[in-house]
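The values are calculated or read from the model by the stated rules, or taken from the named source; none is laboratory data. These numbers come from a predicted model, not from an experiment. Protein only, heavy atoms only, side chains kept; ligands, DNA and RNA dropped before computing areas. Shrake-Rupley method; radii C 1.70, N 1.55, O 1.52, S 1.80 Å.
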Amino acid sequence: LKMSGQWGTTTFACLTDKPQCLDTCLCFPCQASRQVRALEGASNELDPKWCVIAALCGVCTSFYIRSNVVKKYQIEETPLMVGVFSVCLAPCSSCQVHRELTLRNSWPGGMIFHKQPGDYTQMK
């Protein structure tokens, strides 16, 4: 599994980890907050401030998180594509970001259904 230049899993692998998919789709603001904290180096932590921000502007938050993952891990993806995924495919994009953070040892954590990190090492 190459860990720079490309995503570790595909965008449409959403249903490979159903508990994580459910958490992301049913409570995006909370999951987004966990992804921001994971990007900051704090695994499995919720930040109420980011929950509110994500609830008020989910698209902006999705774009912010995905673009920062792309930048931090040097993933080859243009800002235009970050925008397309963040706006048009937000749930799948958020699930992919969650998997990517997990693959890079920064598990964002789960809310209700996703209690342990998934094993995404064999996915592509």
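Run the numbers on region 16-83 and let me know its relative contact order in percent, using alpha-carbon pairs under 8 Å that are six or more apart.
Computed over region 16-83, the figure is 25 percent.
Report, to the nearest whole %, how much of the accessible area of the chain belongs to carbon and sulfur atoms, 1.4 Å probe, protein only.
63
Search the structure for amide H atoms under 5 Å from the amide H of ILE75, placed 1.01 Å from N in the peptide plane, and list their residues when 5 or more places away or on another chain.
Amide H to amide H, under 5 Å and 5 or more residues apart or across chains, ILE75 pairs with GLY5.
Normalising by the residue count of the chain, find the relative contact order in percent from Cα pairs under 8 Å and 6+ residues apart.
The value is 38 percent.
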